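Here's the structure, in structure tokens; my notes come after.
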Amino acid sequence: MVKKKPLRLIAEMARKIRAYRELKSRPRQSQKYALDYDTMKRPLTGKMLPVLAWQDVRRESRLFSLLAGMRLFGIGRVFTRKSWLEDHTEPSYWEITKVKVDYTAENMDHGQAWGILTYKGKREEEVKEVDKVMYHDWRIVPKHLEQQFKDFVPLPEPPVRYVIYPPLLRAMKLARHRQVEGSVLTEEPLLPLERDVVLTKDYFQSQDQGRNVRQETAV
């Protein structure tokens, strides 16, 4: 029988202590995403926010700035973002299901949140952590508009009409174009899944001629 290696209790305890100290030494949400609004820099990292974001930082709110002033920290409410409202016609929003607040923050306006994401009208079933909570473009959806957001039915996706050529056929097509045209094809060649055929009189005559040639036997 193989002799079991004895457990080193002191080494195991030391490993747990190091892991605990590493966990406690990590910066909290309020420290990690703190922002000096005069210099637009984060004190922890010293990085400055992009100039294009300064206007939204001064006018808009972070997610936890909105959650901190709500009953039950906004659980069950619907939140969207300014960029989603401007870029998409379909509703995109988060439905908050769980909140973990950083109580060390002065106004309790930092932490983590979880919810169900609906992006461009397509609702996901899995609950996951809300990303970009530190961005200054969050907005709460009013109560009387929540059902309108949720009742949206996305349009079916259009059928796929073109696909990328297989590697060998793609190389042959590019080589053929270079040989005939004398230039390099700049656009990616696409293979149509359906062939558009104009049903004219000449088309049917050519089909009949081809059928007759195949039926003839060699003399």
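The values are calculated or read from the model by the stated rules, or taken from the named source; none is laboratory data. Since the structure is predicted, the reported quantities are computational estimates derived from the model, not experimental observations. Virtual Cβ from ideal backbone geometry, glycine too; neighbours counted across all protein chains shown. The accessibility values were calculated without ligands, DNA or RNA, using every heavy atom of the protein model including side chains. Shrake-Rupley method; radii C 1.70, N 1.55, O 1.52, S 1.80 Å.
Quick notes on this one:
- Net length gained if the chain between residue 82 and residue 131 were fully extended (0.36 nm per residue, minus Cα distance): 16.2 nm
- Taking other residues whose beta carbon is less than 12 angstrom from the beta carbon of residue 54, and scoring Lys, Arg as +1 and Asp, Glu as -1, yields 0.
- Note on residue 8 and residue 172: the model spin-label points, each 7 Å out from Cα along the C-beta direction, lie 6.3 nm apart.
- Label-to-label distance, residue 71 versus residue 188, with points set 7 angstrom from Cα along the beta-carbon direction: 5.1 nm.
- Estimated FRET transfer efficiency (residue 107, residue 17; beta-carbon r; R0 41 Å; 0.05): 0.75
- For the chain, relative contact order (Cα pairs under 8 Å, six or more residues apart, normalised by length) works out to 15 percent.
- Solvent exposure of the chain as accessible area per residue, Å², 1.4 Å probe: 80 Å²
- Among 171, 113, 68, the residue with the largest mean-square fluctuation in a Gaussian network model of the chain, with springs joining Cα atoms closer than 10 Å, is 171.
- For region 148-155, 3J(HN,Hα) computed residue by residue from phi via the Karplus equation (6.51, -1.76, 1.60; θ = phi - 60°) reads 5, 5, 6, 7, 5, 10, x, 6 Hz, glycine and proline entered as x.
- Region 101-210 - percent relative contact order, Cα under 8 Å, separation 6 or more: 16 percent
- Ligands, DNA and RNA left out, the 1.4 Å accessible surface of the chain is 55% carbon and sulfur atoms.
- Per-q log10 I(q)/I(0), region 60-106, q = 0.15, 0.19, 0.28 Å⁻¹ (Debye; single scatterer per alpha-carbon; no solvent): -0.45, -0.67, -1.10
- Since only 25, 209, 142 are under comparison, the one whose Cα sits farthest along the positive direction of the charge dipole of the chain, derived from C-beta charges on Lys, Arg, Asp and Glu, is 25.
- Once backbone amide H atoms are built at 1.01 Å from N, residue 77 has 96 as its partners under 5 Å, excluding neighbours fewer than 5 places away on the same chain.
- Computed [θ] at 222 nm, helices only, for the chain once each DSSP H run of length n ≥ 4 contributes -39500 (n - 2.57): -10000 deg cm²/dmol
- Along each principal axis, Cα extent of region 47-140, largest first, Å: 34, 31, 22
- In units of the rule-of-thumb radius 2.2 N^0.38 Å, region 1-100 shows an alpha carbon radius of gyration of 1.75.
- Sequence of 190, 155, 185 when ordered by accessible area, the most exposed leading, probe 1.4 angstrom: 155, 190, 185
- Comparing mean-square fluctuations of 134, 13, 40 from a GNM of the chain with C-alpha springs under 10 Å, the top value falls on 13.
- Cβ-placed point charges (K, R +1; D, E -1), dipole of the chain about Cα centre in debye, nearest 20: 1780 debye
- Peptides 55-61, 124-130 ordered by average Cβ neighbours within 10 Å, highest first: 55-61, 124-130
- Per-q log10 I(q)/I(0), the chain, q = 0.09, 0.13, 0.16, 0.19 Å⁻¹ (Debye; single scatterer per alpha-carbon; no solvent): -0.71, -0.95, -1.13, -1.37
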